[in-house]
Amino acid sequence: MTERVCGACGAEARNPFRAPQPEIAPDMDMRPGEPARSTLPDWVQVCPNCGAAAPDVSALPAASRAVAESDEYRMLSTSALEETLGFRRWALICERTGDRLLQAEALLQAAWAAEDAAAMTEASRLRVDVASLWDGTTDVELGLRRLDVLRRAGLFEAAEGWAVTMSERGQDELARSIIAFQRKKITSRDIGRHLISSALPPPSHSPHVSHGQRATTGFWSRLFRK
């Protein structure tokens, strides 16, 4: 059996956390439903030797060590909300090693953690950063998630503009339904959480959650690399 070690410093590393598969539809930014939702604090592990943070520290590039030893990284322990610290550390490593997509995921997860801690202003600030990292994406899934991020950050004009941009690209029925739902919420200045199933018409007499579970399958498997 291959020994698992931290990619940043080579110290012994534990196996990464594996969240249970969600049984409830995800939020519109693809935060998974329960029982996975409540396991958020366990998603990021921290190397006890160098302090590098990631869902799987053994997958970190060697360049992560310099980031983990930097003053900026260490200062996060005093400047970041405690509940978001692991995600913020991971995001900084992603930023410094050039992985913008994972940086955005880390910051969005930090926003979820801030929200769980009732730090709504912090959650909004983090979503603004996520929206910036995803600006201009042509990926439909990321585009729909960015639309939700903008709305929940209270950036209603930007959200409406992005909804128009996405609509003009031509979308499938599912995406059109989500965009139409989001535009109604933007008009009413709604910054609340909504399940993706809320935007989709139910199939016959089946519950909406069935849509949400199918929509999140690809995202969930990619995020945790199962």
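So the values come out like this:
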{"read-out": "All positions within the stretch 116-170 that are assigned to a loop (DSSP other than H, G, I, E, B), of a type in the set (Gly, Ala, Ser) and out of contact with any Leu (no Cβ under 7 Å at 6 or more places or on another chain)", "value": "Ala118, Gly136, Ala153, Gly154, Gly170"}
{"read-out": "Among residues of the stretch 86-100, those that are free of Cβ contacts under 8 Å to residues at least 24 places away in the same chain and either touching a helix residue (DSSP H, G or I) at 6+ places or on another chain (Cβ under 6 Å) or in a helix (DSSP H, G or I) (or both), counted", "value": "4"}
{"read-out": "Residue match in the stretch 60-79 (condition: free of Cβ contacts under 8 Å to residues at least 40 places away in the same chain, under 19 Å from Ala117 (Cα atoms), buried (at least 22 other Cβ atoms within 10 Å of the Cβ) and within 21 Å of the chain's Cα centre (by Cα))", "value": "no"}
{"read-out": "Residue check, Arg31 under 12 Å from the mean Cα position of the chain (by Cα), part of a loop (DSSP other than H, G, I, E, B), at pLDDT 95 or above and of a type in the set (Lys, Arg)", "value": "yes"}
{"read-out": "Filter pass, Ser124 being modelled with pLDDT of 95 or more, of a type in the set (Ser, Thr, Tyr) and surrounded by 17 or more Cβ atoms within 10 Å (Cβ to Cβ)", "value": "yes"}
{"read-out": "Filter result (of a type in the set (A, V, I, L, M) and in contact with a Gly (Cβ under 7 Å, 6 or more places away or on another chain)) within the stretch 115-167", "value": "Met166"}
{"read-out": "Top-ranked residue in the stretch 139-162 [being touching a residue at least 12 places away in the same chain (Cβ under 8 Å) and over 20 Å from Arg31 (Cα atoms); ranked as surrounded by the most Cβ atoms within 10 Å (Cβ to Cβ)]", "value": "Trp162"}
{"read-out": "Qualifying position, being farther than 30 Å from Ser197 by Cα and touching a Leu at 6+ places or on another chain (Cβ under 8 Å), among Leu92, Leu60", "value": "Leu92"}
{"read-out": "Verdict on Ala25 being closer than 19 Å to Ser77 by Cβ and hydrophobic (A, V, I, L, M, F, W, C)", "value": "no"}
{"read-out": "Output for the stretch 89-111, where each listed residue is surrounded by fewer than 23 Cβ atoms within 10 Å (Cβ to Cβ) and of a type in the set (S, T, N, Q)", "value": "Thr97, Gln103"}
{"read-out": "Residue that is surrounded by the most Cβ atoms within 10 Å (Cβ to Cβ) [pool: residues in the stretch 1-45 that are in contact with a Phe, Trp or Tyr (Cβ under 8 Å, 6 or more places away or on another chain) and of a type in the set (D, E, K, R)]", "value": "Arg31"}
{"read-out": "Subset of the stretch 173-206 (residues that are surrounded by fewer than 18 Cβ atoms within 10 Å (Cβ to Cβ), at pLDDT below 90 and touching a helix residue (DSSP H, G or I) at 6+ places or on another chain (Cβ under 8 Å))", "value": "Pro201, Pro202, Pro203"}
{"read-out": "Index of the failed condition, Gln109 passing every other in (1) in contact (Cβ under 8 Å) with a residue 60 or more places away in the chain; (2) part of a loop (DSSP other than H, G, I, E, B); (3) of a type in the set (S, T, N, Q)", "value": "(2)"}
{"read-out": "Flag for Leu107 being touching a strand residue (DSSP E or B) at 6+ places or on another chain (Cβ under 9 Å) and under 27 Å from Ala66 (Cα atoms)", "value": "no"}
{"read-out": "The one condition in (1) at pLDDT below 95; (2) small (Gly, Ala, Ser); (3) touching a strand residue (DSSP E or B) at 6+ places or on another chain (Cβ under 8 Å) that Ser79 fails to fulfil", "value": "(3)"}
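The values are calculated or read from the model by the stated rules, or taken from the named source; none is laboratory data. Only a predicted model underlies this, so the values are computations on that prediction, with no experimental measurement involved. We place every Cβ from the backbone using ideal geometry, glycine too, and count neighbours over all the protein chains shown.
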